[in-house]
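Take a look at the structure below.
The values are calculated or read from the model by the stated rules, or taken from the named source; none is laboratory data. In this text, all values refer to a predicted model and were calculated from it rather than measured experimentally. Methodologically, a virtual Cβ is constructed for each residue, glycine included, from the backbone with ideal geometry; neighbour enumeration extends over all protein chains shown.
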Amino acid sequence: MGREVAGSCLDGVVMEMVSAYCGRFYAAKPELAAGRIEAIGFQVGHQLSERYTMDRPRFTDHLEAIKFICKDFWSELFKKQIDNLKTNHRGTFVLQDNCFPWLTHVSLDPSMESTDATESDPALLGDTAAQTTSMLLYFPCGIIRGALTNLGIPCAVSADMSNLPACSFVVRIKT
Amino acid sequence: MPPLTPPKSGDALFSSVERVNAELFTLTYGAIVRQLLTDLEEVEEVNKQLDQMGYNIGTRLVDEFLAKSNVSRCVDFKETADTIAKLGFKMFLGVTATVTNWDAEGTTCSFVLEDNPLVDFVELPDTCQGLQYCNVLSGVIRGALEMVSMKTEVTWVRDMLRGDDAYEMRVKLTKQVPEEYPYKDDD
């Protein structure tokens, strides 16, 4: 195991990033905020995947690359593997984490939300916790897309959190 | 009454918290800074946002620190600074800072970091001249101290990303409200 820092440092910067983009910068334009959060994730995933595959032979097919994401890559990031992988064999993969760490650890501090939201539209504050969670998930989606793109697999990634704290990432490979 | 358990050592604290891959943390912070530079255009505004993020993080980390460290009331700013350097930095970043360059009044000092996980793999391009890359750290210190009733101003005086031999932030205590420090009565 390499160098480590306290989990609260990572949780802190991720939450502040989400809160800055959704609250301070693009409060009225959630789709813009989502795009930026995804882009930040993409860059992280791209760089990490580059680092973690340096000494490996190239993957010969999509499934092999996806399995790498589910096992080695996920273990490096979260100290656990993806719990369940499904595919329709036509380019769609569903990666399920039964207890995604960022959904169980990242608690939403209401005071933080209210201070950041002072200038935003009150209508947007309705379901803040659920909204912030769905915004947060653009980050790991970006990480997965960045990692796969670095492996030569262009794709779209979305998250399904209908089963909290389980979370499924749906990868659709572009052909 | 706070429990009379002795404070934990920095190493014991760091091993007691949940830890994550530092690469993920460092690259995430780097990607945030890069995106902010793209979106905000003005470097000064990026510095401000990084400081604000740090401040917000600091106001929350201080609770976790007080809950886990068994540290009780520090007698003065000097002891507070030592506690942050030896226990605070260690608990969260796994490194210790040195406290130095005290002024005569005992209200201004420096934290010096020779090893800073925030900047692993970072190189600043020439276009980022005015960027205070580590502003999140100074923001954390400011936010955390404000929660224990110490108003501070924190500025960077040395930065290895700009060719200095270490990271040094200057912390100036500007106002202290002693009666609220460090515990509020929960009743």
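Residues are listed down the side, and each one gets a yes or a no for (1) β-branched (Val, Ile, Thr); (2) surrounded by 15 or more Cβ atoms within 10 Å (Cβ to Cβ); (3) within 13 Å of another protein chain (Cβ to nearest Cβ):
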site	(1), (2), (3)
A:GLY7	no, yes, yes
A:GLY12	no, yes, yes
A:ILE37	yes, yes, yes
A:GLU76	no, yes, yes
A:LEU85	no, yes, no
A:ASN88	no, no, no
Return the total of residues in the range B:102-127 being out of contact with any helix residue (DSSP H, G or I) (no Cβ under 7 Å at 6 or more places or on another chain) and either under 19 Å from B:LEU27 (Cα atoms) or part of a strand (DSSP E or B) (or both).
-> 8
Residue list for the range A:14-32, filter: out of contact with any Pro (no Cβ under 7 Å at 6 or more places or on another chain), over 30 Å from B:LYS90 (Cβ atoms) and crowded, with 21+ Cβ neighbours inside 10 Å | A:TYR21, A:GLY23
Some residue of the range B:55-67 being touching a residue at least 24 places away in the same chain (Cβ under 8 Å), among the small types (Gly, Ala, Ser) and touching a Gly at 6+ places or on another chain (Cβ under 8 Å) | yes
Of the residues in the range A:70-89, those that are farther than 13 Å from A:VAL170 by Cβ and either β-branched (Val, Ile, Thr) or more than 18 Å from the chain's Cα centre (by Cα) (or both) number 1
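Report, by residue number, each residue of the range A:54-74 that is within 14 Å of chain B (Cβ to nearest Cβ) and in contact (Cβ under 8 Å) with a residue 60 or more places away in the chain. Don't jump to the end; show me each part of the working.
Taking the range A:54-74 first, the residues within 14 Å of chain B (Cβ to nearest Cβ) are A:54, A:72-74.
Within the range A:54-74, A:PHE73 is the sole residue that qualifies.
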State yes or no: is A:TYR26 more than 7 Å from chain B (Cβ to nearest Cβ) and more than 17 Å from the chain's Cα centre (by Cα)?
-> yes
Those residues of the range B:74-84 which are part of a helix (DSSP H, G or I) and of a type in the set (A, V, I, L, M, F, W, C) amount to B:PHE77, B:ALA81, B:ILE84
Hey, among the residues in the range A:14-23 that are more than 7 Å from every other protein chain (Cβ to nearest Cβ) and over 23 Å from B:ARG19 (Cα atoms), which one's farthest from the chain's Cα centre (by Cα)?
-> A:GLY23
Just one listed residue, out of B:VAL71, B:VAL95, is within 10 Å of chain A (Cβ to nearest Cβ), outside any helix (DSSP H, G or I) and farther than 19 Å from B:THR174 by Cα, and it is B:VAL95
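Checking the condition over 12 Å from the mean Cα position of the chain (by Cα) and either crowded, with 20+ Cβ neighbours inside 10 Å or at the interface with chain A (Cβ under 7 Å from one of its Cβ atoms) (or both), which residue from B:ASP82, B:ASP39 passes?
It is B:ASP39.
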All but one of (1) over 27 Å from B:PHE14 (Cα atoms); (2) in contact with a strand residue (DSSP E or B) (Cβ under 9 Å, 6 or more places away or on another chain); (3) facing chain B (nearest Cβ under 10 Å) hold for A:ARG3, so report the exception by its number.
-> (1)
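Looking at this structure, is B:THR38 farther than 24 Å from A:LEU48 by Cα and in contact with a helix residue (DSSP H, G or I) (Cβ under 9 Å, 6 or more places away or on another chain)?
So B:THR38 fails the test.
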Expected single match for in a helix (DSSP H, G or I) and facing chain A (nearest Cβ under 10 Å) among B:ASN56, B:ASN47 is B:ASN56
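This table checks each residue for (1) at pLDDT 95 or above; (2) closer than 21 Å to B:THR28 by Cα.
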{"site": "A:ARG36", "(1), (2)": "yes, yes"}
{"site": "A:ARG51", "(1), (2)": "no, yes"}
{"site": "A:PHE59", "(1), (2)": "no, no"}
{"site": "A:GLN81", "(1), (2)": "yes, yes"}
{"site": "A:ASN84", "(1), (2)": "yes, no"}
{"site": "A:GLN96", "(1), (2)": "yes, no"}
{"site": "A:CYS99", "(1), (2)": "no, no"}
{"site": "A:TRP102", "(1), (2)": "no, yes"}
Note on the range B:111-131: residues crowded, with 21+ Cβ neighbours inside 10 Å and either more than 14 Å from chain A (Cβ to nearest Cβ) or free of Cβ contacts under 8 Å to residues at least 40 places away in the same chain (or both) are B:PHE111, B:LEU131
Please find, within the range B:13-33, the residue that is surrounded by the most Cβ atoms within 10 Å (Cβ to Cβ) out of those that are small (Gly, Ala, Ser) and more than 7 Å from every other protein chain (Cβ to nearest Cβ).
-> B:GLY30
Which listed residue, of B:VAL171, B:VAL140, B:VAL148, B:VAL136, is crowded, with 23+ Cβ neighbours inside 10 Å, of a type in the set (A, V, I, L, M), touching a residue at least 40 places away in the same chain (Cβ under 8 Å) and more than 30 Å from A:GLN43 (Cβ to Cβ) = B:VAL171
